[in-house]
Amino acid sequence: MQQRRPKLKSLDNKENQHTSETPIQNRKLFRKTTPKLLQPLQMDQHISSREPLTTKVEGLHKIRLRTYVNTIENLVNDNLLKLIPPTCDGSIYSIGQSIGKGSYATVRLGTNKQGLKVAIKVYEKLFLKGERLNNLVKEISALKALNHEQIVKLLDVYHCGSTINLVLEYCGNESLFNLVKQHRALSKDYAFNIIHQLLKILVYIHEKNICHRDIKLENILITNKRIKLIDFGFSTICNSITCHCGTPSYMSPEVVTKQKYDGRTTDIWALGVLFVGLLQGSFPFKGSTEKELFFKIRNNEYTINSQDKDVREFLRQVFVLDPHHRSTAKELLQCDVFRTM
């Protein structure tokens, strides 16, 4: 008698679908970027319209299906309204062209009724599930708690049909990434000036027990040599974090090895990566694959072209494998190179 073969699980089964929404150790929340500094970022592409739920639905079945979908949509909207209460109805803002795109949101140029420019960060409700929704709630909470002239300000939050829109202060569109791409490398004095400003910003947010967790060239805008920190989409409370996220080339050893960590120490490590990027137009930790990159980070094998004493001494305090021995933002501000700034 022939034995029946066991049915194989489909590759489309939910057990096999690893998403970036679950903050457990075997699921990573990475923003997908190329390890080369001066190449355009490869962001996740979200669809902007829904696929048909079925190809052939007619008559009564179509009505029942539409009723069911509407019921689910209403429940989702009610839940989102409770989690993210609007501060206005949105009618005072008009939305224009896209000026940026991230992993989970699109940033568009907008204006209010007085003609003042704003940046409107648009989140599709369809994709706000699990960790993505938690991140949005944390982002709004962090921005409301922060009031610093060099941190982007949250002006309003409103719901608009299938989207949730964050109205932010418009800070221009010149990022440090664009600056490095244009000049290839900055002078030591200019790079240290930028780092000095960023350290003072980090002292402020860390004292509020908030960490950014995505410090990188693209998330710092600059106008007349004065910087503004933007994109708090991965921000959270600092202590005992288990969700491993960020941009791979900027990740710290404790994130790469999936340990519990304090987000303040990861911000400092990322600041060191950014500093090297400013100085030489390339990342200090390099690998042709993510595995090779993470190996270099775990073993602290970085490449720095500069032989300058101040640069070497600064990085010696930043690129420390043990996060407990890594210098804080306040300690780094005591470096000799910053005394005359």
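Where in region 319-341 does the amide nitrogen come within less than 13 Å of the point 7 Å from the Cα of Lys188, taken along Cα to Cβ? Under cut-off, by backbone N: 336-338. With K and R counted +1 and D and E -1, the other residues having a Cβ less than 12 Å from that of Ile241 yield a net charge of +2. Counting beta carbons within 10 Å around each of Thr111, Thr163, Thr266 and listing the fewest first gives the order Thr111, Thr163, Thr266. Cβ-to-Cβ counts within 10 Å put Lys200, Lys117 in ascending order as Lys117, Lys200, the fewest first. If Lys and Arg each add +1 and Asp and Glu each add -1, what is the summed charge of the other residues whose beta carbon sits under 14 Å from the beta carbon of Ser94? Result for the neighbourhood of Ser94: +1. Of the peptides 88-98, 167-177, the order by per-residue mean of other Cβ atoms within 10 Å, starting with the highest, comes out as 167-177, 88-98.
Checking every one of the trypsin sites (Lys or Arg not before Pro) in region 260-295 against DSSP loop status and a limit of 14 other Cβ atoms within 10 Å picks out Lys260.
Applying 1/(1 + (r/R0)^6) with r as the Cβ-Cβ distance of Cys88 and Asn224 and R0 = 35 angstrom yields a FRET efficiency of 0.65. The H on the amide N of Lys101, modeled in the peptide plane, is under 5 Å from the matching H of Val107, each at least 5 residues off or on a different chain. Note on region 71-191: percent of Cα-Cα distances in each 10 Å bin, starting at 0 and stopping at the bin with the largest distance, equals 11, 39, 31, 13, 4, 1. Prolate is the label for region 185-252, because a/c, from the alpha-carbon gyration tensor with a ≥ b ≥ c as root eigenvalues, is 1.5 or above and a/b exceeds b/c. Assuming charge only on the beta carbon of Lys and Arg (+1) and of Asp and Glu (-1), the dipole of region 82-169 about its Cα centre is about 140 debye to the nearest 20. Other residues whose C-beta falls under 15 angstrom from the C-beta of Ile205 contribute a net charge of +2, scoring Lys and Arg +1 and Asp and Glu -1.
Bear in mind that the values in this text are calculations on the coordinates, not laboratory data. Because the structure is a prediction, the values reported are computed rather than measured. Cβ: placed from backbone, ideal geometry, glycine included. Neighbour counts: every protein chain shown.
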